[in-house]
Amino acid sequence: MVGVVTRNEPEVNWAEFDRAFYEVKDVTGRSAEPLPSAINMVSCFGDNAAADADPSLVAVDDGGTRATREQPYFDWAYICPSRTAYQDGLFEIVDDCVAANEDVRLDDVGFPRAEYCRCQACETAFREHESDDWMTWRADVITDFVARAADRIPGRVYLTLYPDPYPGHLYERSGLDLSALDPYVDEFVVPLYDTHYGTTYWLESLAKGFESALETPFSVELYAVDVAIDDLAHAAQVAETYASDVYFGYDASNARATVRRMRADDRQGETFGAPDS
């Protein structure tokens, strides 16, 4: 199965795609009305607009460094995941999505990096937690959020993962306990983005790593913007060897051309037995 990730409403109905994800809230904070014809997608803790409107919401490390796009490694601002009022706002968005389509994708779920968050709200919540292990507490925050969101989603729950399958890395980096999340997630989505895909050995290694790490089905999302069709088609063929589905991000026209190329190649590759003599 192939799909598209888009911000453009008309593209969700293009016939080449079996599934479409539509960004209802993205990392800039931009919002759109959910669509009944797409799986609506919510950027949870990545939110530049919320960070600009209320800087106190931004996750900080123990030195007070804020997780914003002005810092190294961060392409957008990260809201502290333990903020219950902000979580409640996300649940309201999820409810709006469900009213349009019962399936929902949760994006940008987790703490920004292993050093985060050390804000006062997190320090207080940790002291009140039953565990005295900081990493356990972080994972419980994220698992509880996903569980509460999933309880509001009657259809399929999709959850995006940071593309690092190495054992323990997602837990340490983002607070994602894969075994604890499994009961609440129907499909994980792993973005494996490149601007060229001239070589794909790394893509195969990462996809194989997730195949080994996950019990729940997972899909691979490829970056489609300005990527040559032949290279993108080859990357998709590698990804689909390990993933249940392949999705193309943010250039539906290029993705559509790639899907057509792949299907044409499949037809050309069909072989039939020789007619009886």
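Nothing in this text is a laboratory measurement; each read-out follows from the coordinates by a stated rule. All of these numbers come straight from a predicted model, not from anything done at the bench. Every residue, glycine as well, gets a Cβ built from its backbone with ideal geometry; the counts of neighbours run over all protein chains shown.
Coupling constants for the range 163-172 follow from the phi torsions by the Karplus curve (6.51 cos²θ - 1.76 cosθ + 1.60, θ = phi - 60°), and in residue order they are x, 9, x, 4, x, x, 5, 5, 5, 6 Hz; glycine and proline get x.
For ARG105, the amide hydrogen comes within under 5 Å of the amide hydrogens of ASN40, MET41, VAL42, TYR158, counting only partners 5 or more places away or on other chains and with H modelled in the peptide plane.
Taken along its principal axes, the alpha carbon cloud of the range 2-268 reaches lengths of 63, 37, 36 Å, longest axis first. Between the range 198-252 and the range 53-128, the C-alpha centres lie 27 angstrom from each other. Counted by Cβ distance under 10 Å from PRO154, the other residues give a net charge of -1, where Lys and Arg count +1 and Asp and Glu count -1.
The protection proxy used here, the mean number of other Cβ atoms lying within 10 Å of each residue, ranks peptides 97-105, 8-16 as follows, highest first: 97-105, 8-16. Our helix-only sum for the chain, with -39,500 (n - 2.57) per DSSP H run of n ≥ 4 divided by its residues, gives a mean residue ellipticity at 222 nm of -11000 deg cm²/dmol. With no solvent and one equal point scatterer per Cα, compute the Debye intensity ratio I(q)/I(0) for the range 75-171 at 0.10, 0.17, 0.23 Å⁻¹ and report its log10, rounded to two decimals. Per q value, in the given order, log10 I(q)/I(0) is -0.29, -0.84, -1.31. Projected label points at ALA99 and ARG69, each 7 Å from Cα along the beta carbon direction, are separated by 2.9 nanometres.
Run the Debye formula on the Cα coordinates of the range 117-174, all scatterers equal and no solvent, and tell me log10 I(q)/I(0) at q = 0.15, 0.20 1/Å. Taken in order of the listed q values, log10 I(q)/I(0) reads -0.57, -0.89.
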